[in-house]
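Structure first, commentary second.
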Amino acid sequence: MVLPTDGRVEAPNTRKRKYEDLDDDEVCGEVEAYDPNREEMPKLSIYLESFRQAEEIVNHIFDPFLRAIERSSCNDKLIEGLAQKIRDARTITNRARVTVGLVGGSGVGKSSLLNNLLGVEEIASVANGGGSCTTVIQGYASASEMQGKDFSALIKLQSLAGCKLMVQNQAKKFIRYARAYLPNGGAVDSDNEDDIEHEEIDQTLNETEGEDPDGKLDAQTAIENLTTLFSEHDEFKNYRAVRAFLLSKSADHESDIMEQLDTMTENLWNKIEHDNGNIVMDADSVSTLMTMIEPFTTRKEMADEDSVFIPEESEPCFWPWVLSVTIHFSHRLLEAGIKLMDLPGTTDTNRLRVETTYQTLRDCSHRIIVCDITRAETDTTVDEHLQGAARVHGINKTILVCTNSDKELNTAPKYLKGEQQLEWARASKEISVISADLKELEKSIRAAKQQQDSDIVVDLTDQKTKAQFVCTLVLLFPKANPIATDFEKKQCENRLQEIAITARNAKVTNRMMAKWKEIPRAKGSLKVFCVSNKHYDTYLSGSFDKIDAPPLSVQGTNIPDLRTHLLKLPAGVKFQRFRGYCHSTVQALLNKVESLCNVNALERKENWDNLINATQKDLLNTLDTLTEELIKNPVTNIVHEMNKKEIYWTKVAKRKCEEGWFVHAKMPAATFRAFIRKYGKHSTAKVKDLNMNDQLLYAVRKDFTVSLDDLCESCSDWTVKFINAARTALDKLKKRFKDDPAGNAECLVEFYNSISIHSAGLQREIEEIGAGLQEDFVNIQNKALHDEGGAYLSTRMAEVYEDCMEITGTKAHDQRKTIFLKALTSKDNVFKSIPSGLHDESTASRTLRTQCVIKSVVDSFNEIRDHLQDVYARVAVDSEEGRQLCDELQALVKPARDTMAGTVHDLLEAAEKEEKSWLGLKDPVKVEPKE
């Protein structure tokens, strides 16, 4: 066998392919557009037919009750309240349960990914060239029952005050930066031609690079936002005009600029047609809706320095004032309970958009981090988002999506391992021809070895090596194979490319999952999807020849797998909440129907009166408990401790007298007499500013300052705790009324709302009384520890000084000392006045203040009773028509309960069992207890 010059091994009996029998449809013809709705839904409980049947039954379980109420001629407020409560509880299963935020750098493909996930072209704006295009928070949610057309947008704006504040803050940031860093404080010289031809903002601010990068970005953001909003004004037609306007006043007259901006803001705000900051727009098509919301979402480029401003052709954009835009339409991903949020890129140069992204991200239950696959492992932005997700989210709530996985690879084999190498080999249909040649060569080699002809063995082995090389060439470069059709060559190329891309994606996936595990607070595993927006979009559009099919198949783009994964997110939560709704809310409503029908109005009023009385009694008992715990018991303990310390204080006082005050050298008789005459306070050349009372109280202050401080603090605690107790008691009372079967009756809604008013008034009164109590105890503390007017010890010592002054004669000094010492050390000494006064005054204050609180509580509850009496003057449930309606409603309760316990329960069990079977789970084996 000879290797021909074209490099292909020539087989002795080459089999020619018969292409005339090949069906043309296999190699040519248009490919239809891919329909994502044909994808099989995951067999999770909430997507199964049994669950949908259960949901339908439960949503209509109360229809017979509502029809009976509507037919009845009974005009009763309690019945109407029950009907409203039933209506309010019927729509819980359609609420969004999962909010997924798409976050990443600017231009990485977040909006393109959303378009492909939802299968709607340009539902999210895509920038040309991969730049930043998302200016506001754009949410995508399921269609509401109230919207009149297929597509609806809800735009939420800031309030007028918020808009004014935002505009002022943006202007101040630019002024602050310009005056600090721009030449001449940013002032514009109209006579300077060079200044007139000043470059645009990016180039101008780059002159200050390194000075304050954060301030520079703030200034750029301010200019973009202000020119976007006020493009109709000459002051904002271009960058130079903005500088001239904002810096036209000195710092002292900056308020004039702010007033002008407020006027511009108010005028622009009044041009917007909105309802309390909300704008609703409906359309039959996506393109129409996108055009309608364009003024609130489109980014406007700033005019050049020399551009001419034409007001008639310039319209303002409002996106800096937009809080969010939510687009509602029907899509099974959204109807499953998922809300997708398209967030501005975190590498956007506009700081306002970046701050809004991070604020919204905190409210998302899940997040999809989007990045370019070529930079996934090296991009610091991706690392920051992964670490942020690990700090905020729980287990398995973070998804990493690497876009542009379709980028071609020049050298793929280094990514191939195991089965992928075999796939690579199988990709070429021409491998069978060369394999036959290789087998024939191997037979010839074995025969030559048996004949021991080494030269032939070497020659044949060399040919075998060359044949294997040609096999690789055919696989790598199928165009070199002359016997393959163009379609087969294209298929081979696509297959080889898909194998290589799949291998590369697997490598990136494994490395990013490993990086996630290295993050300290990361929980669970990171789900990684490497997707191709470009190829998937090609399949969505369709209408291309088979020979022009992208290298990646639809499944190879990984977007269907990502959509399936998203559909799994709300499954467990929604199923459990629906089951809880069936077991609690529905049963509670049925119980309320029975309660309303079994109890007449008079009995219900008596029950409610008893409830009000019990609440008042419990609150007053709480008052007694708190007063005893925080005031009475601490005072009793302090008095007891003071009585124990009294002996020590008398010893200290006796020592002061015998070793100090009564020693003649230190205090002669005349000086002592002067102290007595001046009630213990005197000053001489030897004795400077001596206060006997204050010195006697020194030991008292040392022992009880901390305890009395704590007692005063207990008064504050008493106030706070009783206010909380009153609030809690009245909130519970309000909830009991609200949970009543007739709790939604208009008259009762007004009634339990009035409870909140009574609660607020009572809290204010308690706060005032508590402040008075604390003031009383501060005064008591001062009387116990200090020598002030009305102090306990000072009052008692005043009597002692007066008794001493009555003594006269030659021995008066000795007698005065005896009386003075006896007053300090006898059983009925002056120190007893401190615990006695503390006890008496604290008891009086406590009694007075608690009586005030009791009066406030009783008055508040009397007002609640009077209001309830007015409510029942408007109730007519005990009429003949009312009793007939109650009988009819009561008869409907048992069938409804049987349906919930039977049909609905069985359907939910079947859905849960089918889901477990699909997931490969088994119910836990019940182990019978041993006898």
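The distance separating the Cα centre of region 611-645 from that of region 501-522 comes to 63 Å. Separation of region 145-172 from region 319-385 is 18 Å, based on Cα centroids.
For q values of 0.21, 0.25 Å⁻¹, compute log₁₀ I(q)/I(0) with the Debye formula on a Cα-only model of region 214-268, without solvent. Once normalised to I(0) and log-transformed, intensities are -0.84, -1.13. Amide H to amide H, with H built 1.01 Å from N, THR99 comes under 5 Å of LYS339, SER365, HIS366, counting only residues 5 or more places away or on other chains.
When the listed pairs LYS654/LYS678; LYS645/LYS817; LYS156/LYS592; LYS339/LYS734; LYS656/LYS832; LYS43/LYS515 are checked against a 27 Å cut-off, the alpha-carbon distance exceeds it for LYS156/LYS592; LYS339/LYS734; LYS43/LYS515. Set the bar at 20 Å for Cα to Cα. Now go through LYS172/LYS249; LYS397/LYS534; LYS397/LYS523; LYS507/LYS546 and name every pair that lies beyond it. Pairs exceeding the cut-off: LYS397/LYS534; LYS507/LYS546.
Model label sites at ASP459 and ARG179, defined 7 Å from Cα along the beta-carbon direction, differ in position by 9.7 nm.
These residues, ILE57, ILE501, go from largest to smallest accessible area, 1.4 Å probe, as ILE57, ILE501.
Between THR378 and LYS735, full extension at 0.36 nm per residue minus the direct alpha carbon distance yields a gain of 123.0 nm. Rolling a 1.4 Å probe over the protein heavy atoms leaves LYS811 with an accessible area of roughly 140 Å².
Model label sites at GLU767 and GLN576, defined 7 Å from Cα along the beta-carbon direction, differ in position by 4.0 nm. Label-to-label distance for SER836 and ILE519 is 7.3 nm, based on points extended 7 Å past Cα in the beta-carbon direction.
Comparing Cα centroids, region 34-75 and region 756-832 end up 77 angstrom apart.
The values are calculated or read from the model by the stated rules, or taken from the named source; none is laboratory data. Since we're looking at a predicted model, the values are computed, not measured. Cβ: placed from backbone, ideal geometry, glycine included. Neighbour counts: every protein chain shown. Remember, those area values only see protein heavy atoms, side chains included, never the ligands or the DNA or RNA. Shrake-Rupley method; radii C 1.70, N 1.55, O 1.52, S 1.80 Å.
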